[in-house]
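**Q** Here it is, the structure in full.
The values are calculated or read from the model by the stated rules, or taken from the named source; none is laboratory data. None of the values given here were measured: they were computed from a predicted structure. Note: ideal-geometry Cβ built from the backbone for every residue, glycine included; neighbour counts use all protein chains shown.
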Amino acid sequence: MAKIHVVMNRKGGVGKSLISLNMGAVCADVRGPRPDGQPHVAVASADPQGTALWRAARLAEQPFDILDISDDVENIALLKRLPYAHVFVDTPGWAEIDPTTGRNPLGEDKYGRILRALLDQADDVIVPMMTEVDCYEATWQTIEWVLKPLGVPFQVVINNWAPAEGIAYVEGTRGWCEKHGYPVAQTVIRRYRVHTNATKVVTQYNNNRVELQAREDFYRFALEHGLRGAESRLPAQAGADTEAVQA
């Protein structure tokens, strides 16, 4: 049965596609192919913008299978039955909907239903955020309005940090997560131009200093997520003191 890892944040532009693809690539590299030569790993795109699909199409070689599930609410329930060990899912952002108004915070449109169906299947959720104040509220809403009421284990990862800006930004963001009791990865994914060139995944980077450093971040995060992260991700808290996502 496949493990489903959903990459989610209400805010767009926080690196969900980048993380989905590169976590899939690292997992595929470490796991290796099946005896028939097919990959053990898939990356699924639930985002109608198709960023992950676009990036995957630019790769000379895809180390994983790529699935378009952005128009397929009914079959999302079958994701775990697919012949993979792991599926990493890229998701879209969505509009702010306050559940205290009695509405579903994911929305009632097709993409809201897709997101809810994915969370019903998810073994865990990776929540990327950046070291920018305008990312904090959307991250809080993602966790407090959606993930915690559903009891889905999650872990925040700080992404797209430019070291030249100083470690204080990372420390401030990590402190904000810890203040709210959110499990946050020790690994910080740094900003590198090679990531945005979108012609390779990290397992295909060259062996020069910069690309090795860029690759290292994802191997470290994959190791943390897979081996140690499961112990520190927030356990199920269904029925917590927050408004639950409506069924």
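**Q** Restricting to region 139-176, name every residue that is in a helix (DSSP H, G or I), surrounded by fewer than 23 Cβ atoms within 10 Å (Cβ to Cβ) and touching a strand residue (DSSP E or B) at 6+ places or on another chain (Cβ under 8 Å).
**A** Hits for region 139-176 are Pro163, Tyr169, Val170, Arg174.
**Q** State yes or no: is Val133 of a type in the set (Val, Ile, Thr) and at pLDDT 95 or above?
**A** Details: of a type in the set (Val, Ile, Thr): yes; at pLDDT 95 or above: no.
So Val133 does not fit the description; no.
**Q** Of all residues in region 102-161, how many are more than 24 Å from Asp68 (Cβ to Cβ) and hydroxyl-bearing (Ser, Thr, Tyr)?
**A** So the first thing to find is which residues in region 102-161 are more than 24 Å from Asp68 (Cβ to Cβ), and the list is 102-105, 129-141, 143-145, 147-151, 153-158, 160-161.
Right, trim to hydroxyl-bearing (Ser, Thr, Tyr) and you get 131, 136, 139.
Number of matching residues: 3.
**Q** Still on this model: When you scan region 192-205, how many residues do you find that are free of Cβ contacts under 8 Å to residues at least 60 places away in the same chain, surrounded by fewer than 17 Cβ atoms within 10 Å (Cβ to Cβ) and in contact with a helix residue (DSSP H, G or I) (Cβ under 9 Å, 6 or more places away or on another chain)?
**A** So the answer is 2.
**Q** Give me the residue from region 106-118 that is in contact with a Phe, Trp or Tyr (Cβ under 9 Å, 6 or more places away or on another chain) and in a helix (DSSP H, G or I) and, out of that set, modelled with the highest pLDDT.
**A** Per the criteria, the residue is Leu115.
**Q** Restricting attention to region 89-148, which residues are closer than 24 Å to Trp161 by Cβ, in contact with a helix residue (DSSP H, G or I) (Cβ under 8 Å, 6 or more places away or on another chain) and of a type in the set (Phe, Trp, Tyr)?
**A** Tyr136
**Q** Also: Go over the candidates Val87, Val26, Val7, Val73 one by one and state the one that is touching an Asp or Glu at 6+ places or on another chain (Cβ under 7 Å) and either under 26 Å from Ala198 (Cβ atoms) or surrounded by 15 or more Cβ atoms within 10 Å (Cβ to Cβ) (or both).
**A** Numbers: Val87 fails: touching an Asp or Glu at 6+ places or on another chain (Cβ under 7 Å); Val26 fails: touching an Asp or Glu at 6+ places or on another chain (Cβ under 7 Å); Val73 fails: touching an Asp or Glu at 6+ places or on another chain (Cβ under 7 Å).
After applying the criteria, what remains is Val7.
**Q** Give the number of residues within region 30-51 that are closer than 19 Å to Lys3 by Cα and crowded, with 20+ Cβ neighbours inside 10 Å.
**A** Of all residues in region 30-51, those closer than 19 Å to Lys3 by Cα come to 30-34, 38-46.
Still in the running and crowded, with 20+ Cβ neighbours inside 10 Å: 39, 41-46.
So the answer is 7.
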